[in-house]
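What follows is a set of notes on a single structure, which appears directly below.
The values are calculated or read from the model by the stated rules, or taken from the named source; none is laboratory data. Just so it is clear, the model here is predicted, and its values are computed rather than measured. FYI the Cβ positions are ideal-geometry reconstructions off the backbone, even for glycines, and counts take in every protein chain you see. Accessible surface is based on the protein model in full, side chains and every heavy atom, while ligands, DNA and RNA are left aside. Shrake-Rupley method; radii C 1.70, N 1.55, O 1.52, S 1.80 Å.
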Amino acid sequence: MSKPLPAHVRTYLVGGAVRDDLLGLPAGDRDFVVVGATTQDMLAAGFRQVGRDFPVFLHPETGEEHALARTERKAGRGHAGFVVHADPTVTLVEDLRRRDFTLNAIARADDGALVDPFDGVRDLQDRVLRHVGPAFVEDPLRVLRAARFMARFAPLGFRIAPETLALMRAMAADGELAELVPERVWQELARALRSPAPAAFLRSLREADALRAVLPEVDALYGVPQRAEYHPEIDTGVHAELVCDMAARLAPGDDLVGYAALCHDLGKALTPAGELPRHVMHEQRGVAAVIALGERLKVPAEHRDLAVLACREHLNVHRLDELRPATVHDLLARCDGFRKPARIGQLATVCEADKRGRAGLADAPYPQGDRLRRLHAAALAVRGDAIAARGLSGPAFGAALRDARIEAIAAAV
């Protein structure tokens, strides 16, 4: 039978819930730190333990996470190389000191009073992302977290504190980013792509000399020129930033579209120097790079597949008006658009982000997107059972279905 926590135990709301409330942003998950309690106290009060590496408990009524106050000590390389210490003697300030940024090291007591030992409130007001202390360098994942926070907060005017950026550069130079497991890199990248300004993620990593270690295929795009009449921004890396931000504008919170947008021009880094600033065949050259990046980061198959399609087909979508109905049909078929129809709309959005992700063209029309969706819908409307009713099967059925779909596309044109 459960009982209340002992009277001396104190519970504080911490982390993102406090930060976002102070910024006036919508509330997300609420996390709590419990000071002065033992595991036995938590279990006796009805909390359910779920933490494997350190004591985390779920509230018996709300299901919200409550973690015992803890400290961490570096014991090895990489993100996971820590020894965790949690017991009733660990203070709230000691727990907050182990956190990454001052804006995440603010706690709120039950009575609403703030505990802010590292001036996080001031940094929020000044729009500064600043590390809590020297232990920041012990966790290489924090370099990615800083960049990911910028992807979310740059539109609010945030910047990285110079001393924090200096530490990020030192960590990149030390080579610890190579110790990050691919799944954690992907997790941070995906969250950045779901944010309002993914370009800030790329810029922040590049300013920290960390992009080459995390996303070398993307880093290689910077400094590669494009033809100014098509790309007023000229630099391919800048184009990648503009496309990622446009994808976030067209498909907010969609990391699937965002990842395909990020990858669509990787082939331009592989163009022979003698051919620049033209990029003939870059869409074919880039496929291998997209596949290699996806395998290294262990991205979901759905993301990998759409990224490959966007890389290979984006120029075909741009010149959709020039394609014959049979060629349009084959484009749809190559994209598996009849078995997975959602892909065509996603591809159209990525291609629109590519076209509008250029200096001065953010508000340019992109009729090819709606036209691709309309031709796809016309082809999808062809009923296979009507063809089967003619007694056709096997290769004859497939040929007749293709002809009917081409006719439907031609009529829709």
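Just to check your reading of the model, which residue among L347, L332, L323 is crowded, with 20+ Cβ neighbours inside 10 Å, at pLDDT 95 or above and over 25 Å from the mean Cα position of the chain (by Cα)?
L332
Just give me the residues in the range 131-182 being in contact with a strand residue (DSSP E or B) (Cβ under 9 Å, 6 or more places away or on another chain), over 13 Å from F101 (Cα atoms) and among the acidic types (D, E), in sequence order.
Listed by number, the list holds a single entry, E138.
I'd like to check something: does the range 222-235 contain any residue that is within 18 Å of the chain's Cα centre (by Cα), within 29 Å of Q346 (Cβ to Cβ) and not in a loop (DSSP other than H, G, I, E, B)?
Within the range 222-235, not a single residue is within 18 Å of the chain's Cα centre (by Cα), within 29 Å of Q346 (Cβ to Cβ) and not in a loop (DSSP other than H, G, I, E, B).
Filter the range 39-48 down to the residues that are of a type in the set (A, V, I, L, M, F, W, C) and either open to solvent by 40 Å² or more (accessible area, probe 1.4 Å) or within 18 Å of Y12 (Cα to Cα) (or both) and list them by number.
M42, L43, A45, F47
For the range 1-22, give me each residue that is among the aliphatic types (A, V, I, L, M) and modelled with pLDDT under 90.
The one that is among the aliphatic types (A, V, I, L, M) and modelled with pLDDT under 90: M1.
Considering only residues that are under 18 Å from R304 (Cβ atoms) and either assigned to a helix (DSSP H, G or I) or open to solvent by less than 10 Å² (accessible area, probe 1.4 Å) (or both), which ones fall in the range 244-263?
C244, A247, D255, L256, V257, G258, Y259, A260, A261, L262, C263
Pick from the range 1-28 the residues that are in a loop (DSSP other than H, G, I, E, B) and aliphatic (A, V, I, L, M): which of them is farthest from L156 (Cα to Cα)?
We begin by selecting, within the range 1-28, every residue in a loop (DSSP other than H, G, I, E, B); these are 1-9, 15, 24-28.
When the remaining residues are screened for being aliphatic (A, V, I, L, M), the result is 1, 5, 7, 9, 25, 27.
Values: M1: 48, L5: 40, A7: 41, V9: 37, L25: 11, A27: 17 Å.
Among those that are in a loop (DSSP other than H, G, I, E, B) and aliphatic (A, V, I, L, M), it is M1.
Yes or no, residue by residue, for (1) at negative phi; (2) touching a helix residue (DSSP H, G or I) at 6+ places or on another chain (Cβ under 7 Å); (3) not small (G, A, S):
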| residue | (1), (2), (3) |
| --- | --- |
| L92 | yes, no, yes |
| D100 | yes, yes, yes |
| N104 | yes, yes, yes |
| D110 | yes, no, yes |
| D123 | yes, yes, yes |
| A135 | yes, no, no |
| E138 | yes, no, yes |
| V143 | yes, yes, yes |
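Would you check which residues across the range 1-31 are more than 30 Å from F149 (Cα to Cα) and surrounded by 13 or more Cβ atoms within 10 Å (Cβ to Cβ) and list them? Quick ask: steps written out before the conclusion?
The initial filter retains those residues of the range 1-31 that are more than 30 Å from F149 (Cα to Cα), namely 1-9.
L5, P6, V9, listed by residue number.
Kindly indicate which of R99, R108 is modelled with pLDDT of 95 or more and either open to solvent by 30 Å² or more (accessible area, probe 1.4 Å) or more than 23 Å from L156 (Cβ to Cβ) (or both). Steps first, answer last, please.
Details: R99 fails: modelled with pLDDT of 95 or more.
Unique residue meeting the criteria: R108.
Looking at (1) surrounded by 12 or more Cβ atoms within 10 Å (Cβ to Cβ); (2) not in a helix (DSSP H, G or I), can you tell me which one R402 breaks?
For R402, the failing item is (2).
Determine if the range 71-84 includes at least one residue that is touching a residue at least 12 places away in the same chain (Cβ under 8 Å), buried (at least 21 other Cβ atoms within 10 Å of the Cβ) and of a type outside the set (D, E, K, R).
Scanning the range 71-84 turns up no residue that is touching a residue at least 12 places away in the same chain (Cβ under 8 Å), buried (at least 21 other Cβ atoms within 10 Å of the Cβ) and of a type outside the set (D, E, K, R).
Among the numbered conditions (1) in a loop (DSSP other than H, G, I, E, B); (2) more than 17 Å from the chain's Cα centre (by Cα); (3) of a type outside the set (D, E), tell me where V299 comes up short.
The single condition V299 does not satisfy is (2).
Run V56 past the list (1) out of contact with any helix residue (DSSP H, G or I) (no Cβ under 6 Å at 6 or more places or on another chain); (2) open to solvent by 20 Å² or more (accessible area, probe 1.4 Å); (3) at pLDDT below 95 and report the number of the one that doesn't hold.
(2)
Among the residues of the range 116-157, what is the count of those that are open to solvent by less than 40 Å² (accessible area, probe 1.4 Å) and not in a helix (DSSP H, G or I)?
Result for the range 116-157: 7.
List pairs: first in the range 111-132 and more than 13 Å from F153 (Cα to Cα), second open to solvent by 40 Å² or more (accessible area, probe 1.4 Å) and assigned to a loop (DSSP other than H, G, I, E, B), Cβ under 7 Å, 6+ apart or cross-chain?
From residues that are more than 13 Å from F153 (Cα to Cα), the pairs are V132/R99; V132/F118.
Would you be able to tell me the number of residues in the range 283-304 that are crowded, with 18+ Cβ neighbours inside 10 Å and either in contact (Cβ under 8 Å) with a residue 24 or more places away in the chain or under 22 Å from D254 (Cβ atoms) (or both)? Outline the logic, then answer.
Initial filter on the range 283-304 (crowded, with 18+ Cβ neighbours inside 10 Å): 283, 285-286, 289-290, 293-294, 297, 299, 303-304.
Restricting the remaining residues to those that are either in contact (Cβ under 8 Å) with a residue 24 or more places away in the chain or under 22 Å from D254 (Cβ atoms) (or both) gives 283, 286, 289-290, 293-294, 297, 299, 303-304.
Final tally of qualifying residues: 10.
Identify, from the list A166, A105, the residue that is over 21 Å from R203 (Cβ atoms) and among the small types (G, A, S).
It is A105.
Taking interchain pairs and intrachain pairs at least six residues apart, which have beta carbon atoms under 8 angstrom, with the first residue in the range 49-67 and within 14 Å of T11 (Cα to Cα) and the second hydroxyl-bearing (S, T, Y) and part of a strand (DSSP E or B)?
As it stands, the answer is H66/T11, since those pairs meet every condition given.
In the range 354-391, how many residues are open to solvent by 50 Å² or more (accessible area, probe 1.4 Å), outside any helix (DSSP H, G or I), free of Cβ contacts under 8 Å to residues at least 60 places away in the same chain and at negative phi?
6
Return the pairs, sorted by first residue and then second, in which the second residue is outside any helix (DSSP H, G or I), the first residue lies in the range 250-266 and is closer than 22 Å to H282 by Cα, the beta carbons are less than 6 Å apart, and the residues are 6+ apart or on different chains.
V257/A251
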